[in-house]
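Notes to accompany the following structure.
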Amino acid sequence: MAKTIVIGSGIAGIATALRLRAKGHEVHVFESNAYPGGKLTEFEKGGYRFDAGPSLFTMPSLVDELFHLFGENPRQYFNYKKLNESCHYFYEDGARFICPSDRDQLSEELARQNGESSSKIKSYLRKSEYLYNITSPVFLENSLHKVSTYTSQSGIRGILNLWKLNMFRSMHRHHARYFKHPRTVQLFNRFATYNGSNPYVAPATLSVIPHLEFGVGTYFPEKGMADISNVLYDLAIRQGIVFLFNTKVESIITEGNKIKGVRTKTGNYYCDNVVSNMDIYHTYDKLLKDFTMPEKVRHREPSSSALIFYWGISDTFEQLGLHNIFFSADYEMEFKHIFKSGDLFNDPTVYINVTSKHKPDDAPRGHENWFVMVNAPANNGQNWDELIKTCRTDILRKLSKHLGKDIEKLIQVEEVLDPRLIELKTSSFKGALYGGSSNSRMAAFFRHPNFKSDLEGLYLCGGSVHPGGGIPLCLRSAEIVSKLVH
Ligand SMILES: Cc1cc2nc3c(=O)[nH]c(=O)nc-3n(C[C@H](O)[C@H](O)[C@H](O)COP(=O)(O)OP(=O)(O)OC[C@H]3O[C@@H](n4cnc5c(N)ncnc54)[C@H](O)[C@@H]3O)c2cc1C
């Protein structure tokens, strides 16, 4: 039986462990934290439950698939519901838009509220779906670094249609040409942030992302987002995968161009394959010191990070839904601050996730659990304490104005997560949420492959390698690794 060690129990690490277990490997997962899940975890404080990281769940079938590998029925362990509303949008001009997740309804509503042509919105979303379907087999489901990807029927189709991906225009320019109203442009520009990028620089190729929200749909796991990690961890335990918590891998043991195992403080562990779920920068920097870090890893622009306030709020707000966005009046300036000056804009776009809207026991009765997030630059040693203090005031001012109440007075419980802590807790390079940004036409090709060609037996999964960050892509990386491992 092949013996495989997975370094890290992020969502991609657990999914890879499961897929290799299903192929008959003996799998051990080494995790430096005391818990599984990496960024996808939860915590409780003062009677409130908070999802610590991701809040938007798309493509749940990728989670279900992992149960099917072992002949288990996912519905026995993991349940979720499809959402009718994708997000509540609040604009600085006072406009509000409850965004339906149904394509037709969305088109009608944008026509009614923003004067768009509903047929144009529909055609944008149809194109988003079409491009997603033709590019997914090349860019998301297979290794970009194997000839077989390009010689398969779907690969050839994808390559022949590459020109349709609007790689030479920024997402914002594409949207500004397509839609009439700046509010519609801002709404669709926001999808660049789903992989931590800047819509004013990132190619319009990213306009395939809205298909996930309006075509495939958005979902809410009945027990909260962290349940995704929890149920997959439980499945892994049932299938005999061994987890070693509080066990940091210090280096990868190699002999010539072959993997031999991993080294931890407690000793050496030998195996046939190692899969690193650790951020690719740190995999090279910390675990593979005898190997040269590729330039594209060393110089890659990290995706945005985030500043999050977890607030237990002693009131309820009927204006809010599960997902809420309070847009900046100057979106372009906000991204300049994030990606150029490396600080926080004084009118940030504020995202609030309130799971107690769908899961009332996440907050005491008459209260709400707010996950309040702004996009933030990667950690480059800024004076975060100062930035956080100022940003907190800016957020409170903005929310109090929109919601008509002094929000600070309602905060009962507070926790803060910033780029430094994200880096510290998950070894994510500079606290990036999604590995590298997609602020370049060639970003997909610059991501590190899921293997290392000069080191037999080493594979790589997770948000910092191909095909990228976010739960669905991390799950795809696990699938690609399992196809690559012999
Ligand atoms: C605040 C926030 C909001 C987000 N929102 C969304 C969202 O709404 N939707 C979405 O899809 N995605 C979202 N994301 C992104 C998503 O969380 C990540 O892309 C995904 O969870 C990354 O998973 P991963 O498997 O790459 O690894 P990670 O979750 O980064 O986990 C890596 C694991 O490896 C362990 N590790 C690292 N080095 C070692 C070592 N040397 N030895 C042992 N263990 C090690 C770490 O402790 C960690 O547990 C968000 C992320 C954050 C932080």
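Every number here is computed from the coordinates shown, using simple stated rules; none is lab data. The structure presented is a predicted model; accordingly, all values stated were derived computationally and were not measured. Because the Cβ atoms are built from the backbone with ideal geometry, glycine has one as well, and the counts that use them run over all protein chains shown.
The table for this structure:
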read-out: Volume of the Cα convex hull of region 106-202, divided per residue and given in Å³; value: 106 Å³
read-out: Convex hull per residue volume in Å³, alpha carbons only, for region 162-217; value: 82 Å³
read-out: Whole-number percent relative contact order across the chain, with pairs defined as alpha carbons under 8 Å at least 6 apart; value: 23 percent
read-out: All lysines inside 20 Å of Lys3 as judged from Cα atoms, apart from same-chain residues fewer than 8 positions distant; value: Lys23, Lys248, Lys258, Lys260, Lys452, Lys483
read-out: Largest-first ellipsoid semi-axes for region 13-97, taking √(5λ) over the Cα gyration tensor eigenvalues, angstrom; value: 33, 19, 12
read-out: Calculated log₁₀ intensity ratio I(q)/I(0) where the Debye formula runs over C-alpha points of region 315-388, q = 0.18, 0.19, 0.26 Å⁻¹; value: -0.77, -0.81, -1.08
read-out: Helix axis angle, 226-238 relative to the chain longest principal axis, alpha carbon, degrees; value: 20 degrees
read-out: Proximal lysines relative to Lys357, as straight alpha-carbon distance under 20 Å, when same-chain residues fewer than 8 apart are discounted; value: Lys45, Lys81, Lys82, Lys223, Lys405
read-out: Translational diffusion of region 41-88, µm² s⁻¹ [Kirkwood Rh, Cα pairs; Stokes-Einstein; 10 °C; 1.306 mPa s]; value: 120 µm²/s
read-out: Cβ crowding within 10 Å averaged over residues, with 186-195, 405-414, 270-279 ranked highest first; value: 270-279, 186-195, 405-414
read-out: Net charge, Ser251 excluded, C-beta distance under 14 Å - Lys, Arg +1, Asp, Glu -1; value: +2
read-out: For region 21-35, Karplus couplings with θ = phi - 60° (6.51, -1.76, 1.60), whole Hz, Gly/Pro x; value: 4, 5, 8, x, 6, 8, 10, 10, 10, 9, 10, 6, 7, 8, 9
read-out: Diffusion constant of region 176-245 at 25 °C, which comes from Stokes-Einstein with the Kirkwood Cα-pair radius and 0.890 mPa s, µm²/s; value: 161 µm²/s
read-out: Amide H contacts of Ala376 (H built 1.01 Å from N, under 5 Å, at least 5 apart or other chain); value: Ser305, Ala306, Leu307
read-out: Nearest 10 degrees, 0 to 90: helix 118-135 Cα axis against the chain principal axis; value: 10 degrees
read-out: Computed over the chain, Kirkwood Rh from alpha-carbon pairs, angstrom; value: 23.0 Å
read-out: Sequence-distant residues sharing a close amide H with Lys223 (under 5 Å, placed H); value: Asn79
read-out: For the chain, share of DSSP beta bridges that run antiparallel, in % to the nearest 5; value: 70 percent
read-out: Protection-proxy order for peptides 99-112, 10-23, each taking the mean of Cβ atoms within 10 Å per residue, highest first; value: 10-23, 99-112
read-out: Length-normalised contact order for region 148-297 - Cα pairs under 8 Å, 6+ apart - percent; value: 12 percent
read-out: Taking the C-alpha atoms of region 204-299, convex hull volume expressed per residue in Å³; value: 184 Å³
read-out: Relative contact order of region 120-184, defined on C-alpha pairs under 8 angstrom at six or more residues apart (%); value: 31 percent
read-out: Region 374-452 - Debye-derived log10 I(q)/I(0), Cα point model, q = 0.16 Å⁻¹; value: -0.79
read-out: Least to most buried among Leu307, Leu417 (fewest other Cβ within 10 Å first); value: Leu417, Leu307
read-out: Rg(Cα) / (2.2 N^0.38 Å) computed for region 344-486, rounded to two decimals; value: 1.34
